[in-house]
Amino acid sequence: TTYAFTVALTTFLLGLAGGSVLGSVLASGRQARPGLLAALQSLMALVAAITPACLGLVGVDLFSGVEEKFAAIGQAGRILSACVIAGLFMLPATVLMGACFPLVAQILAGSTDRVGRVLERAYALNTLGAVAGSLIAAFVLLPWIGIEYSILVIAAITAASGLLLALRARAALSSALS
């Protein structure tokens, strides 16, 4: 429904915004930290991988309980219960996603002379990646392997990204210490 889409989109965007604030705090006043970015990517992969299992564990009982608490309010209560449920399951991953971008920007910018150009490219690539990812998820993964396996595939890709970042951070640290 329109309400479900709006709640999901709003929750997703709030998570990104909150994560961006968190990532800015983590990045502020410090030197670029690729290792922290790798850790956030890996944690995001873990959260994405366990979310379907968590949904299966809590199942209908949690959803029914939340809906019952807000049912007396009517339509507003149904929307509020959807917000609570979406928040429980979407915010952990989306906050981590949002926290990554300020760290990426800090790592890529390096110096303030290049910030504008680097951020312009980073935002463009981030947006293109988001569009490509949503199209692949909707038109390839979901019809082909379903939602649970799609989430696991995306979690695996995110974990691989975290591992590659960790390896690059380790190599950079080794060369800096040499």
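Can you order the peptides 97-107, 132-142, 7-17 by their average number of other Cβ atoms within 10 Å per residue, highest first?
97-107, 7-17, 132-142
Taking 20 °C and 1.002 mPa s as the conditions, I'd like the Stokes-Einstein D for region 120-178 in µm²/s, using the Kirkwood hydrodynamic radius from alpha carbon pairs.
The Stokes-Einstein estimate is 158 µm²/s.
Quick note: the coordinates plus some simple rules give every number you see, no bench work behind them. Small disclaimer: the values here were computed from a predicted structure and weren't measured. Note: ideal-geometry Cβ built from the backbone for every residue, glycine included; neighbour counts use all protein chains shown.
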